[in-house]
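Student: Got a structure for you, questions after.
The values are calculated or read from the model by the stated rules, or taken from the named source; none is laboratory data. In this text the structure is predicted, and so the values were computed from the model without any measurement. Here Cβ is always computed from backbone atoms with ideal geometry, including for glycine, and neighbour counts include all displayed protein chains.
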Amino acid sequence: MKEQKMENQDKDPKGPETDKLRALENIEVEMSVEVGRTEISISELLRLNEGSVVELDRLAGEPLDILVNGTLIAKGEIVMVGERFGIRFSDIVDPENRVGSI
């Protein structure tokens, strides 16, 4: 009987790896959405003032990067949730790689 139970545990996807993941579930992480990037010189930075516009590397309508602790985990688009902005996920890294990379 014991051998059979151990065999089933090895085949059970909810085994030790899932237990390890559960231990991490309550840890808080920072999620951010990146609209785009650009590089500017210090002199350009110093000339910025109210009303200045800086062109970014992303096209309008292109999916935005969703990062957790600075690591890309998905792409998405901005939506309105009542009076606030939200993000709709469109292309997501699989769960194992998501957790392993942050």
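Student: Restricted to segment 1-42, and to residues that are outside any helix (DSSP H, G or I), of a type in the set (D, E, K, R) and at pLDDT 65 or above, which residue is surrounded by the most Cβ atoms within 10 Å (Cβ to Cβ)? Before you say what the answer is, go through the steps one by one.
Tutor: Quick first cut of segment 1-42, residues outside any helix (DSSP H, G or I) only: 1, 12-15, 25-41.
Right, trim to of a type in the set (D, E, K, R) and you get 12, 14, 25, 28, 30, 34, 37, 39.
Checking the rest, the ones that are also at pLDDT 65 or above come to 25, 28, 30, 34, 37, 39.
Working: Glu25: 7, Glu28: 5, Glu30: 9, Glu34: 13, Arg37: 9, Glu39: 6.
By that ranking, first place goes to Glu34.
Student: Here is a list of conditions, (1) touching a Pro at 6+ places or on another chain (Cβ under 8 Å); (2) assigned to a loop (DSSP other than H, G, I, E, B), and Lys75 meets all of them except one; can you say which number that is?
Tutor: Unmet condition: (2).
Student: So, in segment 47-65, how many residues would count as being aliphatic (A, V, I, L, M), surrounded by 10 or more Cβ atoms within 10 Å (Cβ to Cβ) and out of contact with any Ser or Thr (no Cβ under 8 Å at 6 or more places or on another chain)?
Tutor: Residues in segment 47-65 being aliphatic (A, V, I, L, M), surrounded by 10 or more Cβ atoms within 10 Å (Cβ to Cβ) and out of contact with any Ser or Thr (no Cβ under 8 Å at 6 or more places or on another chain): 2 in total.
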